[in-house]
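In what follows, a single structure is set out as structure tokens and then discussed.
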Amino acid sequence: MFFITTALQESIIAIFSPTASSQPDFAQLAEDIRRWGRELGFQAIGITEARIPEQDQQSFQNWLDQGLHGDLDYMERNKDLRFSPGLLHEGTIRVISARMDYLPAETETVKVLSDSEKAYVSRYALGRDYHKLIRKRLTQLGKQIEQAVGEHGYRAFVDSAPVMERPLAQQAGLGWTGKHSLIINRQAGSFFFLGELFTNLPLPIDEPYDKNHCGRCSSCLDICPTGAIVEPYKVDARKCISYLTIENSGPIPEELRSKIGNRVFGCDDCQLACPWNRFAKHTQENDFRPRHSLDNVELADLFLWTEEEFLNKTAGSAIRRAGFECWLRNLAVALGNAPTTDKIVNALKTQADSPSELIREHVLWALQQHQANP
Ligand code: SF4
Ligand code: SF4
């Protein structure tokens, strides 16, 4: 059921009052959209034109030309849609870019990362998958706009289509692109999701965020365990632990395994090192709170999950994306990097004869790190 707030009723009256012109007051509507966005749980809303600046198109093309996208073949496809968002949804002339903070409160981030018997899961993946939640809220926002101005064309996107969300967010004034290639906001750091609502309404656009506050800082480049930030603003996906543990479905290159440490799903090091994340805000969403103690759990315990347990415990979680086989692959690497204990070696041995070649090979590598025979 849809709920009309008093504020919304006032806006509708204001927009359609007999004294108003036949055109909606788009400046007022933009303000209302910001307020509705906040009421729906977004921390910031910005509005921009449905186009990607030439400079961002060029950087993206250079990144592809250098092969830094690894096996992310889909990045090479649909470039016309990426560069002209209006083509993705007919009639789109504006993109409403929305920010939702995800950092859960009371999680032992640094302590777990430095405890090599524990599993480190990227902070964004500790709770429920964000895609559905954000898409639903953006769609609610679209409906709310519809209640105010009547039928209009809109569509919500969350990391699901060829949408260049970061350049759009920067154009919409939500922050600047850091040297680690993520968007940073001065008041909120970078631990947030972005989502977009495409619309055909001629809303006034926000000032792009054209300052860059990275200055001479290079903490993200210095801390990156695998040297994946090959130069400022350029991440080599083939070396990035996020890519290797989530997107990559094949073996993890042997020369990078020891550098992965205990990171079993994604990596936050470049964000954790960023001084602007002193200002990161904790999430307001219960759905983003850690589930199944994933913020503080031993690697060996996770490795002993059956496939059924994996499917049950990761239902509705981004971790499902990796699949059970890659989950065990990642855990095997982390267990290979863990201290040699009976618990760890015995856990590894349970998968030494796995029917999966991928798992067997990573388990063998891990056991070799402990100089133990399968
Ligand atoms: S996510 Fe990790 S591996 Fe990837 S660039 Fe950041 S620090 Fe490096
Ligand atoms: S760590 Fe420093 S260089 Fe990297 S994104 Fe943050 S401010 Fe910029």
For this session: Go through (1) more than 26 Å from ILE145 (Cα to Cα); (2) out of contact with any Asp or Glu (no Cβ under 9 Å at 6 or more places or on another chain) and name the single condition ALA50 misses.
Result: (1)
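Looking at ALA27, is it of a type in the set (Gly, Ala, Ser), touching a Ser or Thr at 6+ places or on another chain (Cβ under 6 Å) and modelled with pLDDT of 95 or more? Lay out the reasoning, then the answer.
Numbers: of a type in the set (Gly, Ala, Ser): yes; touching a Ser or Thr at 6+ places or on another chain (Cβ under 6 Å): no; modelled with pLDDT of 95 or more: yes.
Taking the combined requirement at face value, the residue does not satisfy it.
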Exercise. Has region 90-102 got any residue that is within 30 Å of LEU304 (Cβ to Cβ) and outside any helix (DSSP H, G or I)?
Worked result: yes
For this session: Could you tell me whether VAL264 is open to solvent by 50 Å² or more (accessible area, probe 1.4 Å) and touching a residue at least 40 places away in the same chain (Cβ under 8 Å)?
Result: no
For this session: Might you let me know whether region 75-89 holds any residue that is touching a Pro at 6+ places or on another chain (Cβ under 9 Å), open to solvent by 30 Å² or more (accessible area, probe 1.4 Å) and of a type in the set (S, T, N, Q)?
Result: yes
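Return yes or no: is TYR233 hydroxyl-bearing (Ser, Thr, Tyr) and touching a helix residue (DSSP H, G or I) at 6+ places or on another chain (Cβ under 6 Å)?
Details: hydroxyl-bearing (Ser, Thr, Tyr): yes; touching a helix residue (DSSP H, G or I) at 6+ places or on another chain (Cβ under 6 Å): no.
So TYR233 does not fit the description; no.
Filter region 297-316 down to the residues that are in contact with an Asp or Glu (Cβ under 8 Å, 6 or more places away or on another chain) and modelled with pLDDT of 95 or more and list them by number. First the steps, then the outcome.
Step one: of region 297-316, the residues in contact with an Asp or Glu (Cβ under 8 Å, 6 or more places away or on another chain) are 298-300, 316.
Correct list: GLU298, LEU299, ALA300.
Can you pull out every residue in region 303-314 that is under 23 Å from the mean Cα position of the chain (by Cα) and surrounded by 18 or more Cβ atoms within 10 Å (Cβ to Cβ)? Don't jump to the end; show me each part of the working.
Of region 303-314, the ones under 23 Å from the mean Cα position of the chain (by Cα) are 310-314.
Those that are under 23 Å from the mean Cα position of the chain (by Cα) and surrounded by 18 or more Cβ atoms within 10 Å (Cβ to Cβ): PHE310, THR314.
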Problem set entry | Qualifying residue in region 271-281 (condition: modelled with pLDDT of 95 or more, more than 16 Å from ligand 2 (Cβ to nearest atom) and in contact with an Asp or Glu (Cβ under 8 Å, 6 or more places away or on another chain)) | no
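Surrounded by fewer than 17 Cβ atoms within 10 Å (Cβ to Cβ), more than 16 Å from ligand 2 (Cβ to nearest atom) and either modelled with pLDDT under 95 or not hydroxyl-bearing (Ser, Thr, Tyr) (or both): does that describe GLU254? Full working, then the answer.
On the way: surrounded by fewer than 17 Cβ atoms within 10 Å (Cβ to Cβ): yes; more than 16 Å from ligand 2 (Cβ to nearest atom): yes; either modelled with pLDDT under 95 or not hydroxyl-bearing (Ser, Thr, Tyr) (or both): yes.
For GLU254, the condition - surrounded by fewer than 17 Cβ atoms within 10 Å (Cβ to Cβ), more than 16 Å from ligand 2 (Cβ to nearest atom) and either modelled with pLDDT under 95 or not hydroxyl-bearing (Ser, Thr, Tyr) (or both) - is met.
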Problem set entry | Extreme residue, surrounded by the fewest Cβ atoms within 10 Å (Cβ to Cβ), among residues of region 193-246 that are away from ligand 1 (no atom under 12 Å from the Cβ) and β-branched (Val, Ile, Thr) | ILE205
Problem set entry | Evaluation of PHE198 against (1) over 21 Å from LYS132 (Cβ atoms); (2) touching a His at 6+ places or on another chain (Cβ under 9 Å); (3) not in a loop (DSSP other than H, G, I, E, B) (one fails), failing number | (1)
Seminar exercise, completed: LYS259 passes all but one of the listed conditions (1) over 13 Å from LYS179 (Cα atoms); (2) within 10 Å of ligand 1 (Cβ to nearest atom); (3) in a helix (DSSP H, G or I); (4) open to solvent by less than 30 Å² (accessible area, probe 1.4 Å); the exception is number (4)
Exercise. What residue, of LYS234, LYS179, LYS239, LYS259, is under 22 Å from MET75 (Cα atoms), in contact with a Pro (Cβ under 6 Å, 6 or more places away or on another chain) and of a type outside the set (Ser, Thr, Tyr)?
Worked result: LYS179
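When you check LEU294 against the structure, is it of a type in the set (A, V, I, L, M), closer than 30 Å to GLY41 by Cβ and more than 16 Å from ligand 1 (Cβ to nearest atom), yes or no? Let's see the steps before the verdict.
Values: of a type in the set (A, V, I, L, M): yes; closer than 30 Å to GLY41 by Cβ: yes; more than 16 Å from ligand 1 (Cβ to nearest atom): yes.
Yes.
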For this session: Identify the single condition in (1) open to solvent by 50 Å² or more (accessible area, probe 1.4 Å); (2) in contact with a strand residue (DSSP E or B) (Cβ under 8 Å, 6 or more places away or on another chain); (3) under 16 Å from SER258 (Cβ atoms) that ASN330 does not satisfy, given that it satisfies every other one.
Result: (1)
Problem set entry | Matching residues in region 156-185 - criterion: being at pLDDT below 95 and not hydrophobic (A, V, I, L, M, F, W, C) | ASP159, SER160, PRO162
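The values are calculated or read from the model by the stated rules, or taken from the named source; none is laboratory data. Because the structure is predicted, anything quoted here is derived from the model rather than measured. With ideal geometry, Cβ positions are generated from the backbone for all residues, glycine too; neighbour counts draw on all protein chains shown. What goes into the accessible areas is simple: the full protein's heavy atoms, side chains included, and nothing from ligands, DNA or RNA. Shrake-Rupley method; radii C 1.70, N 1.55, O 1.52, S 1.80 Å.
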